[in-house]
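Enquirer: One structure is given below, represented as structure tokens, and several questions about it will come after.
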Amino acid sequence: MKGAWLRRQGRRALASEYLVLALSVAYFLVLLPWLPELAHPRNLANLFSRMLPLLLVAMGQTFVLIAGGIDLSVTAVIGLTSVLGASLMTADGGWMAGHAAAVPAGIALMLLTGALLGAANGAAVTGLRMPPFMVTLTSMMFLGGLAVWLTQSQRITGLPPAFLALGGKPACAFGLTLGAALFAHLLLSRSLFGRWLYAIGHNPRVAAISGVPVPTVTLAAYVLSGISGACAAILFTGRLETGSPVHGREILLDVIGATVIGGTSLFGGKGKILWTLYGVLFLTLVDASLNLMFLSDFAIRMVKGALILLAALIDALRHRYETA
Amino acid sequence: MTWSLLASLLMLGVGAGCQRSARQAEGAPLTIGVAFETLQTEFWVASIEAFRAEAKARGITLLEAIADGDANRQLEQIKNFISRRVDGIIAVPKDAQTIIPMIRAAHQAQIPMVLYNRPPDPSDAPSITVVADNYSLTKATVSYMAEQALQTGELHPAMILIGDLGDINAIGRRDGFEDAIRPHTNLIQVVSRIPTEWNLEKAQAGVVNALQAHPGIRFIFTSSDFLLPAIVSALKSTGRYHKIGQPGHIILGGFDGDATAYRMLEEGYLDATGVQDVQFEVVSSIQAILDSRAGKPVAAVIKDPGFVIHQGNLKEMASRMWGAGIARQRRP
């Protein structure tokens with residue numbers, strides 16, 4: 001009886017959409033006596049600043065995962081859009097160097113490039129019916145190489161202060177991320193597109209029979225992922241004051257990990273922007289606390305890898321309970 | 001009840017954090033944060049070990065962070081140092097431009113920051129840099145190599161392995177090489193310039209391709225000794241790895257002064273290398289922080305003159321070469 005009760009409570013906890021938030025708070029509180037710096041206002045500000053680009057990319061990944069796909073190319077999108085935007089805006093011979101419209105044009109170019117790259121991925125997945133893993137993996141290699149080739153490994157400096165403020169000033173970065181998050185949340189939870197996306201993730205054949213435009217909606221999910229990568233590129237480029245083909249190169253596992261830790265399912269059909277926020281918060285908190293302990297990067301990667309694996313296991317268990 | 005408990009715990013944590021910061025200001029041992037880009041080469045390993053030894057000798061606590069080539073991670077690590085209110089920061093920048101916002105952040109927090117071995121790009125962000133005189137040291141090294149070539153009176157097609165073009169040290173070494181060769185272009189002609197991005201695999205591929213395209217290459221300079229294994233491998237595979245004095249010897253020179261270079265000097269394969277004085281740079285970095293904190297004037301750039309070690313002065317200079325110590329420790 002007690003065992004059955006415990007199993008029921010365990011299932012309820014696993015199924016709770018606040019599980020990750022509760023874990024984040026518990027982790028924070030447990031660590032505080034040993035790491036009181038964690039609660040220092042400056043550290044908390046750093047923590048939230050670190051979350052922003054990861055959250056942007058993870059939100060885009062959420063759309064793709066809900067649709068039953070995956071986007072591995074997003075880090076290459078960050079690098080390539082950073083380089084293209086910087087090339088247009090830079091005072092050192094940029095295409096629109098010194099022009100009054102350089103900043104909006106640069107941002108527009110970055111977002112458009114992200115959208116087009118996402119559309120290319122989506123077209124390959126839907127039109128050519130190629131596996132998302134393979135399409136986006138090869139995109140990552142190709143786009144990453146293209147970004148390095150375009151710059152000959154050099155980084156691009158001399159960017160307009162107005163652009164740098166977007167990523168470099170916490171308030172601007174927060175505003176951009178908040179706006180994107182609200183848009184993503186409303187799109188997913190309050191629009192027909194969102195309902196179609198969940199339907200496709202649950203069962204694309206049934207969705208198609210029900211009249212859902214499966215290829216268009218799936219392609220749109222990849223476009224949104226590409227745009228989210230471009231938004232993250234704005235933040236990375238601004239905070240490091242440099243357009244670089246290697247921006248964001250290291251965060252791919254964090255992106256997928258945070259999304260899955262938050263509760264978005266790798267099997268499709270399940271996910272929320274709020275869950276992704278919780279997942280990003282938890283992973284960033286773990287990363288920040290381990291950094292404060294000055295553990296080596298290798299140790300931090302091992303811990304994060306283990307957490308992401310655990311999250312994937314929990315996702316698999318949830319999926320099994322729900323389909324049983 | 002639960003929320004008030006949580007709120008109390010949070011306040012406790014914040015309070016503890018503030019108290020710890022206050023204790024740090026009251027005369028506790030100095031703490032210096034050391035943020036390295038990487039530990040991938042012996043030079044960086046020797047440097048961080050020298051920092052540990054020097055800090056221990058001075059009773060300074062060292063906090064270490066390695067960014068593994070990720071500029072964003074380095075930014076986070078330096079922000080962590082600032083949050084912990086360290087007394088100084090020593091950083092090896094991943095990139096001369098991306099370090100600038102980090103310098104600004106440290107300056108705003110009134111924490112002195114020293115850049116070790118790699119200067120930042122020019123900007124309004126004030127910092128202190130301790131760096132080898134890459135240009136002069138390379139020029140002196142390559143000039144010695146050129147003297148060896150001129151003594152033969154024969155044409156020497158030459159190759160240079162250039163580092164990462166985003167690294168100002170690599171640019172300085174390249175310029176030093178070119179200026180050392182310029183007066184002797186009648187006998188030393190550069191036929192291959194290999195951009196390695198400080199990557200061993202790229203270097204190896206580049207050297208192999210260059211030796212195939214220009215089989216007559218007789219003069220090779222590498223911008224860092226850590227690339228020597230790539231050169232040796234390529235030369236051995238083409239049967240062109242000969243000691244000084246043997247027919248077919250290729251005049252070989254490098255920069256840094258690591259254990260591989262010392263061993264090759266001892267064995268007679270390497271003609272010369274420009275040695276960065278790790279001890280000088282480490283002591284200067286820590287002293288610069290102490291002097292900044294004491295309000296003493298500190299030069300914006302502290303140059304390590306280094307020295308050239310070659311077959312002619314190997315015995316006298318080996319004790320100053322940081323790689324020699326490592327090589328001797330590794331001997332069975």
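The values are calculated or read from the model by the stated rules, or taken from the named source; none is laboratory data. The structure displayed is predicted, hence computed values, not measured ones. Reconstructed Cβ throughout: ideal geometry from the backbone, glycine too, with neighbour counts over all protein chains shown.
Enquirer: Can you tell me which of (1) more than 26 Å from A:Thr242 (Cα to Cα); (2) in contact with a Phe, Trp or Tyr (Cβ under 9 Å, 6 or more places away or on another chain); (3) without any contact (Cβ under 8 Å) to a residue 60 or more places away in the chain is the one A:Ala105 doesn't meet?
Expert: The single condition A:Ala105 does not satisfy is (1).
Enquirer: Count, please, the residues in the stretch B:112-127 that happen to be in contact (Cβ under 8 Å) with a residue 60 or more places away in the chain, over 16 Å from the mean Cα position of the chain (by Cα) and under 26 Å from B:Phe307 (Cα atoms).
Expert: 1
Enquirer: May I pose another question? If you check A:Gly94, A:Gly85, which single one turns out to be under 15 Å from A:Ser244 (Cα atoms), at pLDDT below 95 and away from chain B (no Cβ under 14 Å)?
Expert: Going through A:Gly94, A:Gly85 in turn, the sole match is A:Gly94.
Enquirer: Determine the pairs where a residue that is more than 9 Å from every other protein chain (Cβ to nearest Cβ), located within the stretch A:286-304, has a partner that is loosely packed, with under 15 Cβ neighbours inside 10 Å and among the small types (Gly, Ala, Ser) with Cβ atoms under 8 Å apart, the partner being 6 or more residues away or on another chain.
Expert: Here the result reads A:Leu290/A:Ala299, each pair linking the stretch A:286-304 to a residue that is loosely packed, with under 15 Cβ neighbours inside 10 Å and among the small types (Gly, Ala, Ser).
Enquirer: Would you mind stating whether A:Leu65 is at pLDDT 95 or above, buried (at least 22 other Cβ atoms within 10 Å of the Cβ), within 14 Å of chain B (Cβ to nearest Cβ) and within 15 Å of the chain's Cα centre (by Cα)?
Expert: Criteria not met by A:Leu65.
Enquirer: I would also like to ask the following. Filter the stretch A:68-85 for residues that are small (Gly, Ala, Ser) and either out of contact with any Gly (no Cβ under 6 Å at 6 or more places or on another chain) or buried (at least 24 other Cβ atoms within 10 Å of the Cβ) (or both); which is nearest to A:Lys272 (Cα to Cα)?
Expert: This residue is A:Gly69.
Enquirer: If A:Phe236 passes every condition in (1) on the phi > 0 side of the Ramachandran plot; (2) touching a residue at least 60 places away in the same chain (Cβ under 8 Å) but one, which one does it miss?
Expert: All conditions are met except number (1).
Enquirer: Oh, and also: Search the stretch B:34-50 for residues being closer than 28 Å to A:Leu47 by Cβ and away from every other protein chain (no Cβ under 11 Å), and hand back the single one that is surrounded by the most Cβ atoms within 10 Å (Cβ to Cβ).
Expert: B:Glu37
Enquirer: Can you tell me which residue is farthest from the other protein chains (Cβ to nearest Cβ) among those in the stretch B:90-102 that are crowded, with 24+ Cβ neighbours inside 10 Å and among the β-branched types (Val, Ile, Thr)?
Expert: B:Ile90
Enquirer: Another question, if that's okay. Quick one: in the stretch B:75-89, which of the residues that are charged (D, E, K, R) and touching a Ser or Thr at 6+ places or on another chain (Cβ under 6 Å) is farthest from the other protein chains (Cβ to nearest Cβ)? Outline the logic, then answer.
Expert: We begin by selecting, within the stretch B:75-89, every residue charged (D, E, K, R); these are B:76, B:79, B:84-85, B:87.
Subsequent filtering for residues that are touching a Ser or Thr at 6+ places or on another chain (Cβ under 6 Å) retains B:85, B:87.
Values: B:Arg85: 9, B:Asp87: 15 Å.
Out of the qualifying residues, it is B:Asp87.
Enquirer: Where residues in the stretch A:107-128 are crowded, with 24+ Cβ neighbours inside 10 Å and more than 22 Å from A:Val83 (Cβ to Cβ), which of them is nearest to the chain's Cα centre (by Cα)?
Expert: Across the stretch A:107-128, the extreme among qualifying residues is A:Gly122.
Enquirer: Then there's this: Might you let me know whether the stretch B:176-191 holds any residue that is small (Gly, Ala, Ser), buried (at least 23 other Cβ atoms within 10 Å of the Cβ), modelled with pLDDT under 95 and within 30 Å of B:Glu37 (Cα to Cα)?
Expert: For the stretch B:176-191, residues small (Gly, Ala, Ser), buried (at least 23 other Cβ atoms within 10 Å of the Cβ), modelled with pLDDT under 95 and within 30 Å of B:Glu37 (Cα to Cα): absent.
Enquirer: Scan the stretch A:14-29 residue by residue and report those that are more than 9 Å from every other protein chain (Cβ to nearest Cβ), free of Cβ contacts under 8 Å to residues at least 60 places away in the same chain, farther than 12 Å from A:Val286 by Cα and not polar (S, T, N, Q).
Expert: Matches in the stretch A:14-29: A:Ala22 only.
Enquirer: A further question on this structure: With respect to B:Leu265, determine if the residue is part of a helix (DSSP H, G or I), at pLDDT 95 or above, crowded, with 19+ Cβ neighbours inside 10 Å and in the same structural domain as B:Leu161 (by TED's automatic domain parsing).
Expert: Criteria met by B:Leu265.
Enquirer: Taking the condition in contact (Cβ under 8 Å) with a residue 24 or more places away in the chain, more than 13 Å from chain B (Cβ to nearest Cβ), within 26 Å of B:Arg73 (Cα to Cα) and not basic (Lys, Arg), does A:Val57 pass?
Expert: no
Enquirer: Right, another one. Checking B:Tyr135 against (1) at pLDDT 90 or above; (2) surrounded by fewer than 17 Cβ atoms within 10 Å (Cβ to Cβ), only one condition comes out false. Which one?
Expert: Tallying (1) at pLDDT 90 or above; (2) surrounded by fewer than 17 Cβ atoms within 10 Å (Cβ to Cβ), B:Tyr135 fails exactly one: (2).
Enquirer: I would also like to ask the following. Is one or more of the residues making up the stretch A:306-321 over 17 Å from A:Leu21 (Cβ atoms) and within 14 Å of chain B (Cβ to nearest Cβ)?
Expert: No, the stretch A:306-321 contains no residue that is over 17 Å from A:Leu21 (Cβ atoms) and within 14 Å of chain B (Cβ to nearest Cβ).
Enquirer: What is the residue count in the stretch B:277-332 for residues that are under 15 Å from the mean Cα position of the chain (by Cα) and exposed (fewer than 13 other Cβ atoms within 10 Å of the Cβ)?
Expert: Number of matching residues: 1.
Enquirer: Any idea which residue in the stretch A:216-244 is nearest to the other protein chains (Cβ to nearest Cβ), counting only those that are under 15 Å from A:Thr90 (Cα atoms) and part of a helix (DSSP H, G or I)?
Expert: Top of the filtered list is A:Leu240.
Enquirer: Checking A:His247 against (1) assigned to a helix (DSSP H, G or I); (2) over 25 Å from A:Ala311 (Cβ atoms); (3) modelled with pLDDT under 95, which single condition isn't satisfied?
Expert: Against the list (1) assigned to a helix (DSSP H, G or I); (2) over 25 Å from A:Ala311 (Cβ atoms); (3) modelled with pLDDT under 95, A:His247 comes up short only on (1).
Enquirer: With respect to B:Tyr241, determine if the residue is outside the structural domain of B:Thr41 (by TED's automatic domain parsing), more than 20 Å from the chain's Cα centre (by Cα) and either crowded, with 22+ Cβ neighbours inside 10 Å or closer than 25 Å to B:Trp198 by Cα (or both). Walk me through how you get there before you give the answer.
Expert: Working: outside the structural domain of B:Thr41 (by TED's automatic domain parsing): yes; more than 20 Å from the chain's Cα centre (by Cα): yes; either crowded, with 22+ Cβ neighbours inside 10 Å or closer than 25 Å to B:Trp198 by Cα (or both): yes.
In short, yes.
Enquirer: Being part of a helix (DSSP H, G or I) and over 15 Å from A:Ala67 (Cα atoms) is the filter here; which residues of the stretch A:127-144 pass it? I'd like the intermediate steps shown before the answer.
Expert: Taking the stretch A:127-144 as the starting set, the residues that turn out to be part of a helix (DSSP H, G or I) are A:132-144.
Result: A:Met134, A:Val135, A:Leu137, A:Thr138, A:Ser139, A:Met140, A:Met141, A:Phe142, A:Leu143, A:Gly144.
Enquirer: Okay, moving on. Hey, among B:Tyr116, B:Tyr135, B:Tyr144, which residue is hydroxyl-bearing (Ser, Thr, Tyr) and in contact with an Asp or Glu (Cβ under 6 Å, 6 or more places away or on another chain)?
Expert: Answer to the check: B:Tyr135.
Enquirer: Taking the stated definitions as given, is B:Asp68 under 21 Å from A:Leu290 (Cα atoms), facing another protein chain (nearest Cβ under 7 Å), assigned to a loop (DSSP other than H, G, I, E, B) and in contact (Cβ under 8 Å) with a residue 12 or more places away in the chain? Break it down stepwise before answering.
Expert: On the way: under 21 Å from A:Leu290 (Cα atoms): yes; facing another protein chain (nearest Cβ under 7 Å): yes; assigned to a loop (DSSP other than H, G, I, E, B): yes; in contact (Cβ under 8 Å) with a residue 12 or more places away in the chain: yes.
When the stated conditions are applied, B:Asp68 passes them.
Enquirer: Moving on. Anything in the stretch A:54-99 that is closer than 16 Å to A:Val255 by Cβ and among the β-branched types (Val, Ile, Thr)? List them, or say none.
Expert: Result: A:Val57, A:Thr62, A:Val64, A:Ile66, A:Ile70, A:Val74, A:Thr75, A:Val77, A:Ile78, A:Thr81.
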